[in-house]
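Scroll down for the structure; my scribbles are underneath it.
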Amino acid sequence: MTEDIVLKSYKNGLRLIMNPDIPIEQLLTSICKKFAHSRKLFGNSDLAIALEGRRLSDDEIEAVIQSIERNSDVTVTVVALKDRFFEKEMAQKKDDFYFKKSDEFLKIVNGNVSPEDKVTSSYGLLVTGDILEGGTAECGGNLICLGQIYGNAICGRQTGKKACIIAAGIVNANISIGELSENFSIKKKKRFFSNRNDMIIVTVKDGELDASAFTGSF
């Protein structure tokens with residue numbers, strides 16, 4: 001499978017076929033991008049989703065649901081798996097967790113990072129909500145925020161300038177990658193972003209922090 005995700009219709013809803021070989025961060029970001037670009041197509045609807053292609057924990061399934069719902073007007077009502085149905089309400093009761101795959105770790109925080117809260121991970125970090133003003137998200141690898149960053153986003157404590165930050169928006173936020181730090185506030189303009197729902201990626205380029213539209217891969 002060469003694409004990150006493939007969407008196909010079936011009689012009861014939508015099939016989401018996932019590449020089993022890519023990092024979970026890349027998978028979730030691709031889901032965000034796909035549903036943001038297809039917002040008008042799906043409209044305001046209830047949807048049953050069949051997840052195929054890779055095994056997911058309950059927390060990862062909840063992250064997939066939030067990636068879909070935060071980037072579209074869709075409400076996911078049922079998630080069908082190969083061997084069971086996923087109860088959405090059960091996952092919403094869970095807190096953040098650590099996920100291991102091929103020696104890579106990702107900590108997922110379901111919801112917002114509140115003011116005065118500090119969430120840390122030695123490896124990658126995914127926030128499914130916003131990083132609010134006064135809140136801090138810090139990790140050793142890549143940081144993905146499915147919502148807006150208003151607070152402090154710090155990544156690359158272990159990987160340095162190779163790390164990146166991906167977010168739906170950055171508003172007067174303190175962004176740090178490795179040893180570089182800068183206050184960011186990005187307004188999405190047509191000349192910069194092809195779609196108002198494009199995710200933003202911040203990387204280190206020529207010794208400075210650089211922001212651009214996320215193209216779908218790291």
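The values are calculated or read from the model by the stated rules, or taken from the named source; none is laboratory data. The structure presented is a predicted model; accordingly, all values stated were derived computationally and were not measured. Because the Cβ atoms are built from the backbone with ideal geometry, glycine has one as well, and the counts that use them run over all protein chains shown.
Exactly one residue out of L41, L28 is in contact (Cβ under 8 Å) with a residue 24 or more places away in the chain and either in the same structural domain as C155 (by TED's automatic domain parsing) or not in a loop (DSSP other than H, G, I, E, B) (or both): that is L28. Taken together, the residues in the stretch 148-168 that are surrounded by fewer than 21 Cβ atoms within 10 Å (Cβ to Cβ) and modelled with pLDDT under 90 amount to 6. As a summary of the residue check, S181 satisfies the conditions (1) within 20 Å of G141 (Cβ to Cβ); (2) modelled with pLDDT under 90 except for the one numbered (2).
For S176, state whether it is hydroxyl-bearing (S, T, Y) and free of Cβ contacts under 8 Å to residues at least 24 places away in the same chain.
no
Take L81 and tell me if it is surrounded by 14 or more Cβ atoms within 10 Å (Cβ to Cβ), farther than 30 Å from G156 by Cα and at pLDDT below 85. Taking the combined requirement at face value, the residue satisfies it.
Confirm whether E25 is out of contact with any His (no Cβ under 6 Å at 6 or more places or on another chain), surrounded by 15 or more Cβ atoms within 10 Å (Cβ to Cβ) and either closer than 22 Å to C139 by Cβ or modelled with pLDDT of 90 or more (or both). When the stated conditions are applied, E25 passes them. Note on the stretch 95-120: among residues that are modelled with pLDDT of 90 or more and assigned to a strand (DSSP E or B), the one that is surrounded by the most Cβ atoms within 10 Å (Cβ to Cβ) is V113.
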